[in-house]
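Here it is, the structure, as structure tokens.
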Protein chains: 2
Amino acid sequence: MIDQNIKIAVDAIVFGYEKGTLYVLAVQQRFGKLADRWVLPGGFILDDEPLLIAVERELKEEAGITVNYLEQLATFGDDVHRDERFRVISVAYFALVNPKNFVLKADTDAKDAKWFPVTKIPQLGYDHNAMVNLAHQRLKSKLTYQPIGFDLLDEEFLFSDLENLYCSILERDIDRRNFRKKILSFGIVTETDKVVKMGASGRPGKLFTFDKTKYNQLLKENFQFDIRFA
Amino acid sequence: MIDQNIKIAVDAIVFGYEKGTLYVLAVQQRFGKLADRWVLPGGFILDDEPLLIAVERELKEEAGITVNYLEQLATFGDDVHRDERFRVISVAYFALVNPKNFVLKADTDAKDAKWFPVTKIPQLGYDHNAMVNLAHQRLKSKLTYQPIGFDLLDEEFLFSDLENLYCSILERDIDRRNFRKKILSFGIVTETDKVVKMGASGRPGKLFTFDKTKYNQLLKENFQFDIRFA
DNA sequence: TTAATTTGTGTTAAAACAACACAAAGTTAA
DNA sequence: TTAACTTTGTGTTGTTTTAACACAAATTAA
């Protein structure tokens, strides 16, 4: 049996969105050389543990959350000294969650868990800033060809919420009318009969929901979600 | 230091294209339980070896080739028993090469190396068929939004070569005129003054080249290569 | 009751796409 | 040497999609 002395970890870049701001979850390390440093939630996997399960476990342990969307992002293993203690290869995961659904609570290894606005991320341990950058790019591009924005919103949302989410994450203006037309044309967003008054003033708006079942149906018929425009 | 007993390998899905057929490179194992079985080129990484270097080394050792394009595809580590001997997590890489540039020669660990048409891939060892499927999908989708087709062709090619490559890999008809118009409109393919007679009969055609420098320039100006259409 | 805010809706000009056919340059076979 | 065949090369047009744009309706705050 070959001799190899490398450890494997998983890390997660968890995005949350609230009122026009995109956040990334970080945890503060309790032990070790990097104690007190902010890092991405993650850790070593167990010998008999699938990668995906490991990420979910770490997110639960370190921040007390369960995400809405989770996919593998990339594996970081070219820099042999990305962890200065010994060689660690890390499989990074990309995740989305609605921050309202959870109260962050650091548990086992983490001293604290906190949402950082994506524009104000401190220097993180290891190569975690690079991971965040890659994940941020992925979020931006994926938003245009997969309906993942809904995983960042409440079950029921105003059309303006969806629109603002797109505007702020893609960092550009979007024509409100064209956006609504396009999204509605897909038939995957349905209008509820609930009407809600915005916090402040203005005409009340209808609440909408994402119809995942309909979306999965359409996928089989070769439907392609796509909104890169105006 | 944590105790973990997992090995890390890399594997490569190398695509080659020739005369309307897409091929995948496989090697025949010389030793071990899977002796004589066809598998993807790959192997365990060294303790101080970056992942990318490991893939390049294995491709050189097992098949004697250097690829034109190489990128990380995905990491396979959810099935804890994908290797029945002990737990191995494999980082799969996606690669493109022009088969004409090399004569395959198995070297160190491999008994033989061979191109299989992507439609006639035998049962491979481990979960390598799943890797090939994922890579094949990636190739298809990437072909439409990144100019990677050129890495499968000769330096100089006929327009019909490019068109046939797209047709056969995407498995659909493409209008010859619209295709040419679109590609030429990007300005990244330049006409040489060489004219070549096709093997058999027919009017001789001009040779074209992919202008990578121009493409990189355009990228800075927010150019987006894209051909999903007729 | 007036001003301010937010939702909701339709038209039009411009651009991109899809569909389509024939002439030119060469080879092969009669 | 001519006719048949093969492959390259090129433009136009109708249809669809996209981009740009403004005003009325419902509510709150002053």
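Mind checking whether some residue in segment A:18-40 is open to solvent by 40 Å² or more (accessible area, probe 1.4 Å), within 14 Å of chain B (Cβ to nearest Cβ) and modelled with pLDDT of 95 or more?
No: zero hits.
Of the residues A:K194, A:K212, only one is modelled with pLDDT under 95, more than 14 Å from chain B (Cβ to nearest Cβ), farther than 23 Å from B:F229 by Cα and more than 9 Å from DNA strand D (Cβ to nearest atom); which? Let's see the steps before the verdict.
Values: A:K212 fails: modelled with pLDDT under 95.
Just one listed residue meets the conditions, A:K194.
Take segment B:41-60 and flag every residue that is more than 13 Å from every other protein chain (Cβ to nearest Cβ) and open to solvent by 50 Å² or more (accessible area, probe 1.4 Å).
B:R57, B:K60 - these are the residues of segment B:41-60 that are more than 13 Å from every other protein chain (Cβ to nearest Cβ) and open to solvent by 50 Å² or more (accessible area, probe 1.4 Å).
I would also like to ask the following. For the list (1) hydroxyl-bearing (S, T, Y); (2) closer than 27 Å to B:I227 by Cα; (3) away from chain A (no Cβ under 14 Å); (4) away from DNA strand D (no atom under 16 Å from the Cβ), I need the number of the one condition that B:S141 fails.
(3)
May I pose another question? Filter segment B:150-166 down to the residues that are more than 15 Å from B:I227 (Cβ to Cβ), within 8 Å of DNA strand D (Cβ to nearest atom) and of a type outside the set (D, E, K, R) and list them by number.
B:L158, B:S160
Among the candidates A:D78, A:D127, A:D154, which residue alone is of a type in the set (D, E) and within 10 Å of another protein chain (Cβ to nearest Cβ)? Break it down into steps so the answer makes sense when it comes.
Details: A:D127 fails: within 10 Å of another protein chain (Cβ to nearest Cβ); A:D154 fails: within 10 Å of another protein chain (Cβ to nearest Cβ).
Answer to the selection: A:D78.
Right, A:R228: within 9 Å of DNA strand C (Cβ to nearest atom) and not assigned by TED's automatic domain parsing to the domain that holds A:D78 or not?
no
Return yes when A:E221 is away from DNA strand C (no atom under 15 Å from the Cβ), closer than 26 Å to B:K142 by Cα, within 14 Å of chain B (Cβ to nearest Cβ) and of a type in the set (D, E) and no when it is not. Before you say what the answer is, go through the steps one by one.
Numbers: away from DNA strand C (no atom under 15 Å from the Cβ): yes; closer than 26 Å to B:K142 by Cα: yes; within 14 Å of chain B (Cβ to nearest Cβ): no; of a type in the set (D, E): yes.
Criteria not met by A:E221.
All but one of (1) more than 24 Å from B:V103 (Cα to Cα); (2) crowded, with 16+ Cβ neighbours inside 10 Å hold for B:D193; which doesn't?
For B:D193, the failing item is (2).
Would you mind telling me which numbered condition in (1) within 12 Å of chain B (Cβ to nearest Cβ); (2) more than 23 Å from A:K140 (Cα to Cα); (3) of a type in the set (A, V, I, L, M) A:A92 fails?
(2)
How many of the residues in segment B:150-166 are loosely packed, with under 15 Cβ neighbours inside 10 Å and more than 16 Å from B:T21 (Cβ to Cβ)?
Of the residues in segment B:150-166, 2 are loosely packed, with under 15 Cβ neighbours inside 10 Å and more than 16 Å from B:T21 (Cβ to Cβ).
Does B:S201 qualify as being polar (S, T, N, Q) and within 25 Å of B:K100 (Cβ to Cβ)? It would help to see each step written out before you state the result.
Numbers: polar (S, T, N, Q): yes; within 25 Å of B:K100 (Cβ to Cβ): yes.
Criteria met by B:S201.
Look through segment B:167-185, keep the residues that are under 22 Å from B:L218 (Cα atoms) and open to solvent by less than 30 Å² (accessible area, probe 1.4 Å), and return whichever of them is farthest from DNA strand D (Cβ to nearest atom).
Of segment B:167-185, the ones under 22 Å from B:L218 (Cα atoms) are B:178-185.
In the following step, the residues that additionally are open to solvent by less than 30 Å² (accessible area, probe 1.4 Å) were identified as B:179, B:183.
Details: B:F179: 9, B:I183: 11 Å.
Per the stated criteria, the residue is B:I183.
Let me ask something else about it. Of all residues in segment B:65-101, which are in contact with a Gly (Cβ under 9 Å, 6 or more places away or on another chain), surrounded by fewer than 17 Cβ atoms within 10 Å (Cβ to Cβ) and more than 30 Å from A:I53 (Cβ to Cβ)?
B:K100
Just the residues that are among the small types (G, A, S), open to solvent by 40 Å² or more (accessible area, probe 1.4 Å) and at negative phi, please, taken from segment B:202-230. Explain how you work it out, then say what you get.
First pass over segment B:202-230, keeping only residues among the small types (G, A, S): B:202, B:205, B:230.
Subsequent filtering for residues that are open to solvent by 40 Å² or more (accessible area, probe 1.4 Å) retains B:202, B:230.
Answer for segment B:202-230, where residues must be among the small types (G, A, S), open to solvent by 40 Å² or more (accessible area, probe 1.4 Å) and at negative phi: just B:A230.
Further question on the same structure: How many residues does segment A:117-149 contain that are of a type in the set (A, V, I, L, M, F, W, C) and open to solvent by less than 20 Å² (accessible area, probe 1.4 Å)?
Summing the residues that are of a type in the set (A, V, I, L, M, F, W, C) and open to solvent by less than 20 Å² (accessible area, probe 1.4 Å) in segment A:117-149 gives 7.
The values are calculated or read from the model by the stated rules, or taken from the named source; none is laboratory data. Remember, it's a predicted structure, so these values are computed and weren't measured experimentally. Glycine also receives a Cβ, built like all others from the backbone with ideal geometry; neighbour counts cover every protein chain displayed. The accessibility values were calculated without ligands, DNA or RNA, using every heavy atom of the protein model including side chains. Shrake-Rupley method; radii C 1.70, N 1.55, O 1.52, S 1.80 Å.
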